[in-house]
Amino acid sequence: MKEKTSIRIPGVTGFGHWRWLERRAGASGCRTGQVRQDGEDYTTPWIESRYSRFHAYASQRLLSAAQELEPLYTQVSSLRQELILVSAPAAPFHGGQDEDAQRRAAAHSARASADAARKREILIRLAELRTRNTMIDEGLSHDLSRASSLLRSHIAAYWEGVLKTAGDDSLPPFPVIREREIPGMAAYRKNQERAAALLAGALGQAGEEDDA
């Protein structure tokens, strides 16, 4: 996956979302009484809308990662089944010394060699898919972390306007906002962990057979 050079969150970044405008929006929100407290949380409709847009971006990013995982999981499942077949020990061959027996012995040996070669190919491909699975997950985590930091920087600019307008120490230096799960995260994490477990199981099983 090619790493993005920038993060674009519709409704949060882009044209018209300058810090001085956000500070002005914070000042206006404070003057019009939009700052509200819920327990230890401080928020405003402006902040809530930015979190909603961040969640929309994150959900779309999760969907993209999940779509990348689906064919990977299907391929891993297929390769694991094939690995079981080619890893099964060949039945011992007992034959005589006549020409027909020698042909059967040669065919038996060729089949064993082919199975061993295919097993090596499968293990290489599984290792590649494990790396791919890790890259998809790390790429997603990296993008969401950067997007979250970007969101907080915009909220910080807005809150600066709130604090300057409030003119006292009654508000925290940054709004305390209850963490909310990103829609789709649980489903994505389940599929990613399922693929990782399947890969680990296949490669681990092959390693145990090689050590036997």
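State the percentage of accessible surface on the chain attributable to carbon and sulfur atoms; use a 1.4 Å probe and exclude ligands, DNA and RNA. Don't jump to the answer; show the numbers that get you there.
Numbers: 6840 of 12690 Å².
After summing per-atom areas, the C and S share lands at 54 percent.
Eigenvalues of the alpha-carbon gyration tensor of the chain, scaled by 5 and square-rooted, set the equivalent ellipsoid semi-axes at 61, 14, 11 angstrom, largest first. The stretch between Ser141 and Gln60 holds 27.8 nm of extra length on full extension. This uses 0.36 nm per residue minus the Cα-Cα distance. Of the peptides 162-169, 191-198, 150-157, the order by per-residue mean of other Cβ atoms within 10 Å, starting with the highest, comes out as 150-157, 191-198, 162-169.
Nearest 20 debye, what's the magnitude of the dipole of the chain about its Cα centre given +1 on Lys and Arg Cβ and -1 on Asp and Glu Cβ?
On the way: 29 positive and 28 negative charges, 213 e Å.
With only Lys, Arg, Asp and Glu charged at Cβ, the dipole is about 1020 debye.
Here the contact order of the chain, divided by its residue count and restricted to Cα pairs under 8 Å and six or more residues apart, works out to 42 percent. Solvent exposure of the range 7-72, expressed per residue, is 55 Å² of accessible area, with all protein chains present and a 1.4 angstrom probe.
The values are calculated or read from the model by the stated rules, or taken from the named source; none is laboratory data. Remember, it's a predicted structure, so these values are computed and weren't measured experimentally. Quick reminder, even Gly has a Cβ in these numbers, built from the backbone with ideal geometry, and neighbours come from all protein chains shown. Please note that ligands, DNA and RNA were not included when accessible areas were found on the heavy atoms of the full protein model with its side chains. Shrake-Rupley method; radii C 1.70, N 1.55, O 1.52, S 1.80 Å.
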